[in-house]
There are 2 protein chains.
Amino acid sequence: MEKFRLMAPGPCMIPDRVYQAMTRHIIHHRSAEFRSLVKEVVEGLKYVFQTKNEMLIFTSSGTGGMESSVANLFSAGDKVLVVRAGTFGERWTQICKSYGLAVKTIDVEWGRAVNPKLVEQRLKEDKEGKIKGVFTTHTETSTGTETDMEEIGNILADYGALLICDSVSGLGTCNLQTDAWQIDVVISGSQKGLMTPPGLCFVSLSEAAWSAHKKAKSPRFYFDYSNYRKFMESSSTPFTPAISLLYGLREALSMIREEGLSNIFSRHERLARATRAAVTAMNLSLFSINHASNVTIVNGPDGVDVEEMRERMLRRFGIYIAGGQGDLMGKVFRIGHMGYCDAIDILSTISALDIVLTDMGHIFNQAQGVKAAQDILGEE
Amino acid sequence: MEKFRLMAPGPCMIPDRVYQAMTRHIIHHRSAEFRSLVKEVVEGLKYVFQTKNEMLIFTSSGTGGMESSVANLFSAGDKVLVVRAGTFGERWTQICKSYGLAVKTIDVEWGRAVNPKLVEQRLKEDKEGKIKGVFTTHTETSTGTETDMEEIGNILADYGALLICDSVSGLGTCNLQTDAWQIDVVISGSQKGLMTPPGLCFVSLSEAAWSAHKKAKSPRFYFDYSNYRKFMESSSTPFTPAISLLYGLREALSMIREEGLSNIFSRHERLARATRAAVTAMNLSLFSINHASNVTIVNGPDGVDVEEMRERMLRRFGIYIAGGQGDLMGKVFRIGHMGYCDAIDILSTISALDIVLTDMGHIFNQAQGVKAAQDILGEE
């Protein structure tokens, strides 16, 4: 019998309501009904992004959205600063280099969030104000850390550089106040906090970002913001989008409004606290110092083959937890608790992990992990 | 009561089997199950593309795939030739210009397919062999024409230029033999002949295309072929793809194999013949000279407001037919019969059109259109 739980930091589990919404018949993307669908989705997205900024919807992975910001806001030779604290910070660096930008990085030890003062220091050192953009990662799923975007937003407000934030995994799981924190560009995807299958990505753009766009000369077509803006002004898209996923997203956005953003953030925070308490009680250590509340990264215990453990979790219990990315492959495992995830998902994952780790010879007090999670998740 | 028929040249109607397949739970894109899904899909796509060439799968609209070929195979300043015979030929021109290519066009009167000898002439005139690529459109849905790709493939075989073919709407509706006709690059999308919702696109690449890729210097990241190839070699994708759409596509590809490509092509050909006979019998004229068999473009009759007619078709009968694109807006209407479309869809569309056009004062012999279609579609 197959019963599957996807406990990865994206893609994530999807509510039945969303799957059902996706089976609605395809409509034409130049019809009035389609425009009303896009309008509803954009309103819902603005609620989650906490913004009044313009919103663009692309059919692509989150990485497409990241590239779009580089291609549309900068030109070859422009100086930019990338905060690199994991795989997704590294991805920013690669994209910027692909477009010939002059990339400076702040390299942060994996597992830690950048100290915002380091960003300020770099901007101060740049006396001629040549740094045109600062690229950040809201929650870095490769290391399980959350960046203090509020503080970075405060700092950037005094400088001319655009603040660009990859919140593909963060949005709708950890608080991100696009407007209040003055984040010029926020990029997210459908498959994490937004509880929809992968395939859509979203970009919000401040007025300053639109001004920068006017001067940017990198080649682009599919992701071109000017062309997109023209269509999105009438709630449309220039090219045929993933209509089924938009149906699903509309439903997921309704669910998000029903629960309310602050409830969603505290649910994630509680699931994360319970997971950390549980693994700690199981004689395991946490990889991250500045914990994000949408994923918990655990160091593989001595003598246990992490990949074999993940395989056993899947084969015996139908639970998929993620492995390490990049250099962390085989060294850590990652329990995602983002989006459509509740207390029972955590309790069952911890229970299964308890059995598998015991079988594999890891020494700890059995059932103490489950108890630690229960103590937190059992609170009314 | 709402009962909807999407008779547009893409996106198109979707079989229930495909919708149902899309509701399967999301799996992780780094899992063995995902790799086996991609493997099956790639095999199915190669059957439809009639190719042994490597196949890449992107999460994007078809336009993303078109851009990928420009960004990955050429560099700024490269000389290329675009066959421009409608909206999608114009799109090739725009994309090539966005990337700074030196674009020459063959401008063909809308409604006609290019004479392949014109392509040969242009290549002959290019004595230094500077034309590095020829961009074509297999079936141009804005004008309802089909290009003779076989003949163009034969001609190109004697020259050094890459042959690139947008078959977003053509693939799986009109015969296209990628390998036999020596087409270096074929681009298609999920939402037309492949009977899957929009959001995926596919690119097949010959060895010559891979060689050109090695020298191409345009910036790119999300659509970068080298990176993609690395992942697709192990039946994976570099970024989180639209997994639900891949499930749907796998099911649609099974259906395509069950029916068989040659049956599919003759079904489209018969639906097209019936539609042309019907509208002609209704005192309407066809826009195209070189008919594609996946869409029929009809000139709006004198005294009838085409957009009002389309609106009535939708409101009274739930049938969506498309309007004209670009300069043809308001002048023609387009009946799509591609992908999941059968005889009954054509008979009902013609019946409804008969009623609406009569109401709007168009003069013709009522029921003769239906009869003409029946004569063709009633054949055993």
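Coordinate-derived values only; no laboratory data. Here the structure is a predicted model, which is why all the values come from computation and not from measurement. All Cβ positions, glycine included, derive from the backbone under ideal geometry; neighbour counts span all protein chains shown.
Over the Cα atoms of the protein assembly as shown, compute the convex hull volume and normalise it per residue, giving Å³. If you can, show how the numbers build up before the last one.
Numbers: hull volume 118.7 nm³, N = 760.
In the protein assembly as shown, the Cα convex hull volume per residue is 156 Å³.
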Per-copy distances of the residue B:77 label point, shortest first, in nm (7 angstrom along Cα→Cβ): 1.6
Just add up the charged neighbours of residue B:319: K/R +1, D/E -1, any other residue whose Cβ is under 13 Å from the Cβ of residue B:319. +3
When the Karplus curve 6.51 cos²θ - 1.76 cosθ + 1.60 is applied with θ = phi - 60°, which whole-Hz ³J(HN,Hα) does each residue of the range B:56-65 get, with x for Gly and Pro? 10, 10, 10, 8, 4, 6, x, 4, x, x
Of the trypsin sites (Lys or Arg not before Pro) in the range B:201-240, which ones lie in a loop per DSSP and count no more than 13 other C-beta atoms within 10 Å? B:217
So which of A:52/A:217; A:52/B:39; A:331/A:371 end up more than 31 Å apart, counting from Cα to Cα? A:52/B:39
Quick check: the angle from helix A:306-317's long axis to the longest principal axis of chain A, C-alpha only, nearest 10 degrees? 80
Among A:27, A:82, A:350, flag the residue with its Cα farthest along the positive direction of the charge dipole of chain A, charges on Cβ as +1 for Lys/Arg and -1 for Asp/Glu. A:27
Rounding to the nearest 20 debye, state how big the charge dipole of chain B is about its Cα centre with +1 on each Lys and Arg Cβ and -1 on each Asp and Glu Cβ. 1020
Set Lys and Arg Cβ to +1 and Asp and Glu Cβ to -1, take the dipole of chain A about its Cα centre, and tell me which of A:131, A:341, A:210 lies farthest positive. A:210
Dipole axis of the protein assembly as shown (+1 Lys, Arg; -1 Asp, Glu on Cβ), positive-most option in B:300, A:177, A:72: A:72
Once amide H atoms are placed 1.01 Å from N in the peptide plane, what residues at a sequence separation of 5 or more from residue B:79, or on another chain, have their amide H within under 5 Å of its amide H? B:102, B:132
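Could you work out the relative contact order of chain B? I mean the mean sequence separation of Cα pairs under 8 Å and 6+ apart, divided by the number of residues, in percent.
24
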Below 19 Å, Cα to Cα, which aspartates and glutamates can residue B:132 reach? Residues fewer than 8 away in the same chain don't count. B:67, B:78, B:90, B:107, B:120, B:151, B:158, B:166, B:184, B:207
Interchain or long-range residues, amide H under 5 Å from residue A:162's placed H: A:133, A:134
Every other copy gets compared here: list the nm distances from the residue B:158 label point (7 Å along Cα to Cβ) to its counterparts, shortest first, one decimal. 7.2
Size of electric dipole in the range A:32-191: Cβ of Lys, Arg +1 and of Asp, Glu -1, about Cα centre, debye, nearest 20: 360
Nothing charged except the Cβ atoms of Lys and Arg (+1) and of Asp and Glu (-1): what's the magnitude of the dipole of the range A:214-281 about its Cα centre? Round to the nearest 20 debye. 420
Over the range B:16-258, what is the percentage of antiparallel beta bridges among all DSSP beta bridges, to the nearest 5? 40
Please turn the phi angles of the range B:349-361 into ³J(HN,Hα) values with the Karplus equation 6.51 cos²θ - 1.76 cosθ + 1.60 (θ = phi - 60°), one per residue in order, whole Hz, x for glycine and proline. 5, 5, 4, 5, 4, 4, 5, 5, 5, 4, 4, 8, x
Distance histogram for chain A (every C-alpha pair counted, 10 angstrom bins, percent rounded to whole numbers): 5, 24, 31, 24, 13, 3, 0
Along each principal axis, Cα extent of the range A:92-245, largest first, Å: 45, 35, 30
Treating each Cα of the range B:1-95 as an identical point scatterer and ignoring solvent, apply the Debye formula and state log10 I(q)/I(0) at q = 0.24, 0.25 Å⁻¹. -1.36, -1.38
To the nearest 500 deg cm²/dmol, what mean residue ellipticity at 222 nm is calculated for chain A from DSSP H runs of n ≥ 4 alone, each contributing -39,500 (n - 2.57), summed and divided by the residues? -13000 deg cm²/dmol
Run the label-point distances for residue A:130 please: 7 Å along Cα to Cβ, every other copy, nanometres, shortest first. 3.6
Can you list the equivalent-ellipsoid semi-axes of the range A:276-341, largest first and in whole Å, using the square root of 5 times each Cα gyration tensor eigenvalue? 17, 15, 12
Apply the Karplus curve 6.51 cos²θ - 1.76 cosθ + 1.60, θ = phi - 60°, to the phi angles in the range A:2-17 and return the couplings in whole Hz, x for Gly and Pro. 10, 9, 10, 10, 9, 9, 9, x, x, x, 10, 5, 10, x, 3, 4
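Evaluate the relative contact order of the range B:124-213 (contact order divided by residue number), counting alpha-carbon pairs under 8 angstrom at least 6 apart; express in whole percent.
Taking the mean separation of contacting Cα pairs over the length of the range B:124-213, I get 23 percent.
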Just list whichever of B:46/B:215; A:127/A:230; A:117/B:214 have alpha carbons separated by over 31 Å in the model shown. A:127/A:230; A:117/B:214
